[in-house]
């Protein structure tokens, strides 16, 4: 099992461009979480998805950010019209289908987004 | 709002010394708490969870509801323990994690 995969690992965008971050969960996992880590801060929850459903997006900025987890393929975090403040490390985590608060979340290596 | 606080950004100790990484939470009910660790150039991974009451790599953490703390302890630090440590709390019924700011543990030879 290759673990949670994220790509790209590094992404550079100019202000106003779009950023697409991909996350492939571990095999057999159907729950995906996205977290953002701003410089010098801890990880902050953004969104929780199951296949084809957004369950909790309470941590997502209201504008420019969206997430999806289609039936087939990876989960995508999309940031439109990026600004310098979006520069951060974005982590994806997956967990097994039986939801429990004690389920371990397995983290990907992260995507480091730099906005010029 | 629930909050997890790790007051120390950096903790530096010598090999063989005891280690205590502090974590405080704000939640009046029964919290679900975890310690995650990130070694250099590796991904974030679960170290231990309070419900398991286990000891991993010599680390233990006890939940103290009176002090709302979940400090991570190890009696004798090793150089390979040098890493970034995050305390986290599961929130609500979705399992999303609220993380502290993290503490860098540096174990000197």
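Residues in region B:33-50 that are out of contact with any helix residue (DSSP H, G or I) (no Cβ under 7 Å at 6 or more places or on another chain) and under 16 Å from residue B:69 (Cβ atoms) were compared, and the one that is modelled with the lowest pLDDT is B:50.
Okay, residues lined up against (1) surrounded by fewer than 14 Cβ atoms within 10 Å (Cβ to Cβ); (2) within 14 Å of chain B (Cβ to nearest Cβ):
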position	(1), (2)
A:14	yes, no
A:25	no, yes
A:42	no, yes
A:65	no, no
A:68	no, no
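When residue A:113 is tested against (1) on the phi < 0 side of the Ramachandran plot; (2) within 14 Å of another protein chain (Cβ to nearest Cβ), just one condition goes unmet, and that condition is (2). Report, by residue number, each residue of region B:1-11 that is assigned to a strand (DSSP E or B) and either more than 18 Å from residue B:58 (Cα to Cα) or in contact with a helix residue (DSSP H, G or I) (Cβ under 6 Å, 6 or more places away or on another chain) (or both). Residues satisfying the conditions are B:3, B:4, B:5, B:10. Does region A:9-29 hold any residues that are assigned to a loop (DSSP other than H, G, I, E, B) and either more than 22 Å from residue A:50 (Cα to Cα) or without any contact (Cβ under 8 Å) to a residue 12 or more places away in the chain (or both), and which are they? Correct list: A:9, A:14, A:15, A:16, A:17, A:18.
Restricting region B:13-32 to residues that are part of a strand (DSSP E or B) and in contact with a helix residue (DSSP H, G or I) (Cβ under 8 Å, 6 or more places away or on another chain), the residue that is modelled with the highest pLDDT is B:19.
For the residues A:60, A:46, the requirement of being surrounded by 18 or more Cβ atoms within 10 Å (Cβ to Cβ) and in contact (Cβ under 8 Å) with a residue 24 or more places away in the chain singles out A:46.
Filtered by the rule that a residue be modelled with pLDDT of 95 or more and more than 21 Å from residue B:37 (Cβ to Cβ), region A:89-115 gives A:113, A:114, A:115. Would you be able to say whether some residue in region B:40-62 is over 23 Å from residue A:43 (Cβ atoms) and within 11 Å of the chain's Cα centre (by Cα)? Yes: region B:40-62 contains one or more residues that are over 23 Å from residue A:43 (Cβ atoms) and within 11 Å of the chain's Cα centre (by Cα).
The values are calculated or read from the model by the stated rules, or taken from the named source; none is laboratory data. Here the structure is a predicted model, which means the values were calculated and not measured. No Cβ is skipped: glycine too gets one built from the backbone with ideal geometry, and neighbour counts run over all protein chains shown.
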